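Read through the structure below, which is laid out as structure tokens, and then see the notes.
What follows draws every value from the coordinates through simple rules; no lab data is involved. Here the structure is a predicted model, which means the values were calculated and not measured. In this analysis, Cβ positions are derived from the backbone assuming ideal geometry, glycine residues included, and neighbour counts consider all displayed protein chains.
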Amino acid sequence: MPLNEPTFADLLARCTRSAVHLEMRDQYAVSDEAEDFALWLSTGERDTDPASENWASWVDLISEAGARGVIVRRARIVSEPVTDYIRWEHSGTVVNIHAGEDVRWLPRRHASGIALPGNDFWLFDDSVIRWNHFTGDGEWAGQRISDDPGEAKLCSEAFATVWAHAISHDEYKIR
């Protein structure tokens, strides 16, 4: 990341109204999740303690944004039957909700008519995008920050459409 490029925490700190996140992959292989995911695969146990080392900084970031009036929403487009990774994500989403996120799930078969961008993203105040890039294997491959109005409009409209069709976390049943 270039020295002058803002971090996620910087972008969220500058946010005043809304931060939305669209996830569209069925599998991620991010190194900081590997240990928790492996434990869950072998034992079925998942860290859902908001104060744990795995979650505390995230919970603080989202809670602080919420306290400033920022609405944080996350939508996940998933194939069904879902992958083990998505099962693992679903089992930990209680912490996202505890932190103040609103989370919904959209089965991929219901996303066919939605114009979607090519990458996952965070959109802050409908104007600044943090594109998240991953390799074909799901490993983190970097980010790109954009304030291009056309890209922001695409992300805003895509997220709004996904959100309107998605199922709230409490109602979404893993298949």
Quiz item: Taking Rh as the Kirkwood radius computed over C-alpha pairs, what is the Stokes-Einstein D of the stretch 57-106 at 25 °C in a medium of viscosity 0.890 mPa s, expressed in µm² per second?
Solution: 211
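Expressed in nm to one decimal, what extension gain is obtained for the pair R68 and A38 from 0.36 nm per residue of sequence separation less their Cα-Cα distance?
On the way: separation 30, 0.36 × 30 = 10.80 nm, distance 3.57 nm.
Extra length from R68 to A38 when fully extended: 7.2 nm.
Which value, in debye to the nearest 20, describes the size of the charge dipole of the chain about its Cα centre when Lys and Arg Cβ atoms bear +1, Asp and Glu Cβ atoms bear -1, and nothing else is charged?
Values: 17 positive and 30 negative charges, 150 e Å.
In total the dipole reaches around 720 debye.
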Exercise. Tabulate in residue order the Karplus-calculated ³J(HN,Hα) for the stretch 102-115, using 6.51 cos²θ - 1.76 cosθ + 1.60 with θ = phi - 60°, rounded to whole Hz; enter x for Gly and Pro.
Key: 9, 10, 10, 10, 10, x, 3, 5, 8, 9, 4, x, 9, 6
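Based on the alpha carbons, how large is the Rg to Rh ratio for the stretch 8-168 when Rh follows Kirkwood? If you can, show how the numbers build up before the last one.
Numbers: Rg = 15.3 Å, Rh = 16.3 Å.
That ratio equals 0.94.
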Quiz prompt | the chain: calculated mean residue ellipticity at 222 nm from DSSP helix runs of at least 4, using -39500 (n - 2.57) | solution = -11000 deg cm²/dmol
Quiz item: So, counting K/R as plus one and D/E as minus one, what does the shell of residues with Cβ under 14 Å around I167 add up to?
Solution: +4
Self-check item: Integer Hz, Karplus 6.51/-1.76/1.60 couplings in order for the stretch 88-95, x for Gly and Pro
Solution: 5, 4, 4, 5, x, 5, 4, 6
Quiz item: Between D60 and R175, how many nm apart are label points set 7 Å from Cα along the C-beta direction?
Solution: 4.1
Practice problem: Kindly write out, for the stretch 27-32 in residue order, the coupling ³J(HN,Hα) from the Karplus curve 6.51 cos²θ - 1.76 cosθ + 1.60 (θ = phi - 60°), rounded to whole Hz, with x marking Gly and Pro. | Solution: 8, 10, 10, 7, 4, 6
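When only Cα pairs under 8 Å and 6 or more residues apart are kept, what is the percent relative contact order across the stretch 8-168?
Averaging sequence separation for qualifying contacts and normalising by length gives 29 percent for the stretch 8-168.
Report the full-extension gain for the segment D125 to T16: residue separation times 0.36 nm, less the Cα-Cα distance, to one decimal in nm. Walk me through the numbers on the way to the answer.
Working: separation 109, 0.36 × 109 = 39.24 nm, distance 0.67 nm.
Contour length minus Cα-Cα distance gives 38.6 nm.
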Quiz item: Which value in nm describes the separation of the simple spin-label points at A164 and T48, placed 7 Å from the Cα toward the beta carbon?
Solution: 3.3
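Give me the extension gain from D84 to K153: residue separation times 0.36 nm, minus the current Cα-Cα distance, reported in nm with one decimal. It would help to have the intermediate numbers written out before the result.
On the way: separation 69, 0.36 × 69 = 24.84 nm, distance 3.27 nm.
Full-extension gain reported as 21.6 nm.
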Quiz item: Taking every DSSP beta bridge that has both residues in the chain, what percent is antiparallel when rounded to the nearest 5?
Solution: 55
